[in-house]
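*Asks:* Here it is, the structure, as structure tokens.
Here, each number is a calculation from the coordinates, and none is a lab measurement. Every value quoted in this text rests on a predicted model; they were computed, and no experiment measured them. Positions of Cβ are generated from backbone atoms using ideal geometry, with glycine treated the same way; all protein chains shown enter the neighbour counts.
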Amino acid sequence: MTDNLWLPRAATGVQTLKPYQPGKPISELEREYGISDSVKVASNENPLGCSPKALAAAREALEEMALYPDGGAFSLKAALSAKHDLPAECITLGNGSNDVLDLIARVFLGPGLNTVMSEYAFAVYPISSLAVGAELKIAPAKDYGHDLEAMRDLVDENTRVVWIANPNNPTGTWLARDELEHFLEELPGGVICVLDEAYVEYVGHEDYPDGSLWLSRFPNLIVTRTFSKAYGLASLRVGYGLCSSDIADLLNRVRQPFNVNSFALAAAEAALQDQEHIDNSVRNNREGMQYLEAELKRLGLEWIPSVGNFISIDLQRSGDEIYELLLREGVITRPVTAYRLPNHLRISIGLPEENQRLIAALEGVLA
Ligand SMILES: *Cc1c(COP(=O)(O)O)cnc(C)c1O
């Protein structure tokens, strides 16, 4: 939209923004292509859905639709406080963890300041940072993952925030405890490090660090978590940040008073009580990942090794084209051209039958 008449009047940072491209909803595909029975393996949603306990809690909360939600989220914060063994003052709830990322940018970034991230980093970091007028400093990736040394080299006196997704989306790459700890030790204390752990539940490695355990050691650390992925509550929009009470106080000053709705609050609290659902989700993911890797190998395709609930495949040809062809087969995947990975497609791990459907469609389309 280069002919947008209002563009010159928009805030400077906003002028440089491109809208986030979400995964195509099933309803849109079926409307556009006149097909039915399609599958979506595009947005890293939990193919098992949410816990039945969460669904029941949300249903019950529906009765109180006319009332504002608890803006202080007392009950969910108490549950999270117990889970993480941290005071409630250290927890900031968001309308999805994306909301928390946005709060961080609004509190700590602005014109004349810069922020450091990696090539192939999650799309929300540049959007939130540019929107408030900050400059982006992007470190080249190493084997598709974050190169912490290159990131540290970009930090200067005007850097306020460094973003790290562990594991990263869309690459599925991850950082081990030692290297991340070393990075945090070297990072100047006045620079915020955001550690985005949206996929923490899926990572099985013993060298994978739980960033929340570092909060007392690193007062400049903010760890973000979400209920959108393993907990299966993506549509309700609820996530949170863990950090020092001083930082949380600032985030709360810009937070919209009722940014998390009552149904999300109730469902999230109930979801925390259902570890079995998380275990089942993680098992389905592990088995699905093993199946997909074996099948990709059979098809002679390469991929970026991933510890998340998704995998980015190197097609050696335009991912956008294969994406379109797969749509015709009723399979929605996620192109990652906007991440400057034009030959990759990101696939979310589905149910066994969805994974088989994806492989069959991919095999047909590539033949
Ligand atoms: C999905 C995702 C999120 C979570 O987004 P919500 O707003 O909580 O739904 C955050 N970070 C990364 C890297 C993600 O992939």
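*Asks:* Using DSSP, restrict attention to beta bridges with both residues in the chain and report what percent are antiparallel, rounded to the nearest 5. All intermediate terms of the calculation are to be shown ahead of the outcome.
*Replies:* Working: 19 of 38 bridges.
About 50 percent, rounded to the nearest 5.
*Asks:* Continuing with the same structure: Most mobile of ALA234, ALA66, ALA139 per a Gaussian network model of the chain (Cα springs, under 10 Å)?
*Replies:* ALA66
*Asks:* For segment 1-144, which semi-axes, largest first and in whole Å, follow from the square roots of 5 times the eigenvalues of its Cα gyration tensor? Can you show the working numbers first?
*Replies:* Details: eigenvalues 197, 139, 67 Å².
That gives 31, 26, 18 Å for the three semi-axes.
*Asks:* Let me ask something else. Can you sort ASP70, ASP99 so the residue with the fewest Cβ neighbours within 10 Å comes first? Walk me through the intermediate numbers first.
*Replies:* Values: ASP70 15, ASP99 25.
Lowest count first: ASP70, ASP99.
*Asks:* Grab the beta carbon distance between GLU302 and ARG217, set R0 = 25 Å, and tell me the FRET efficiency rounded to 0.05.
*Replies:* That gives a FRET efficiency of 0.05.
*Asks:* By how many nm would the segment from THR12 to ARG253 grow when fully extended, if each residue of separation counts as 0.36 nm and the alpha-carbon distance is taken off? Can you show the working numbers first?
*Replies:* On the way: separation 241, 0.36 × 241 = 86.76 nm, distance 2.38 nm.
Extra length from THR12 to ARG253 when fully extended: 84.4 nm.
*Asks:* Take the Cα gyration tensor of the chain, multiply each eigenvalue by 5, square-root it, and list the three semi-axes largest first, rounded to whole angstrom. Don't skip to the answer; put the middle values down first.
*Replies:* Numbers: eigenvalues 190, 134, 96 Å².
Semi-axes from the Cα gyration tensor: 31, 26, 22 Å.
*Asks:* Extending each Cα 7 Å along its Cβ direction at ASN280 and LEU136, get the distance between those two points in nm, one decimal.
*Replies:* The two pseudo-label positions are separated by 4.0 nm.
*Asks:* When the chain is treated as a GNM, springs tying every alpha-carbon pair under 10 Å, which of VAL191, VAL282, VAL254 comes out with the largest mean-square fluctuation?
*Replies:* Top of the fluctuation ranking is VAL254.
*Asks:* If I model a spin label at LEU351 and GLU293 as a point 7 Å from the Cα along the Cα→Cβ vector, what separation in nanometres do I get?
*Replies:* 2.5 nm
*Asks:* If you build a Gaussian network model of the chain, linking Cα atoms that sit under 10 Å apart, which residue out of ARG106, ARG225, ARG346 swings the most?
*Replies:* Of the options given, ARG106 has the highest mean-square fluctuation.
*Asks:* What is the order of VAL238, VAL132, fewest Cβ neighbours within 10 Å to most?
*Replies:* VAL132, VAL238
*Asks:* Separate question: How large are Rg and Dmax for segment 274-367 when only the alpha carbon atoms are used, in Å?
*Replies:* So, for segment 274-367, Rg and Dmax equal 13.2, 43 Å respectively.
*Asks:* Which of the pairs LYS142/LYS229; LYS40/LYS137; LYS40/LYS297; LYS18/LYS53; LYS24/LYS77; LYS83/LYS142 have their Cα atoms more than 30 Å apart in this structure? Mind dumping the intermediate values first?
*Replies:* Values: LYS142/LYS229 26 Å; LYS40/LYS137 34 Å; LYS40/LYS297 22 Å; LYS18/LYS53 38 Å; LYS24/LYS77 33 Å; LYS83/LYS142 34 Å.
Violating the 30 Å Cα-Cα cut-off are LYS40/LYS137; LYS18/LYS53; LYS24/LYS77; LYS83/LYS142.
*Asks:* Give me the extension gain from ASN343 to ASN158: residue separation times 0.36 nm, minus the current Cα-Cα distance, reported in nm with one decimal. Each step should come with its number before you reach the end.
*Replies:* Details: separation 185, 0.36 × 185 = 66.60 nm, distance 3.51 nm.
Gain on stretching ASN343 to ASN158: 63.1 nm.
*Asks:* Separate question: Multiplying the sequence separation of GLU186 and SER36 by 0.36 nm and subtracting their Cα-Cα distance, what value in nm do you get?
*Replies:* Working: separation 150, 0.36 × 150 = 54.00 nm, distance 5.36 nm.
Fully extending the segment from GLU186 to SER36 adds 48.6 nm.
*Asks:* Also, I was wondering about something else. For labels at ASP178 and LEU67 in the simple 7 Å Cα→Cβ model, what's the distance in nm?
*Replies:* The answer from the label model is 5.3 nm.
*Asks:* Additional query: Where in segment 94-188 are there GluC sites (Glu not before Pro) that are in a DSSP coil and have at most 14 other Cβ atoms within 10 angstrom of their Cβ?
*Replies:* GLU157
*Asks:* Same structure again: Rg(Cα) of segment 195-247 divided by 2.2 N^0.38 Å?
*Replies:* Compactness ratio reported: 1.22.
*Asks:* Calculate, in whole percent, how much of the Cα-Cα pair population of segment 167-233 lies beyond 15 Å. Kindly include the intermediate steps, with their values, before the conclusion.
*Replies:* Values: 1189 of 2211 pairs.
Tail of P(r) above 15 Å: 54 percent of Cα pairs.
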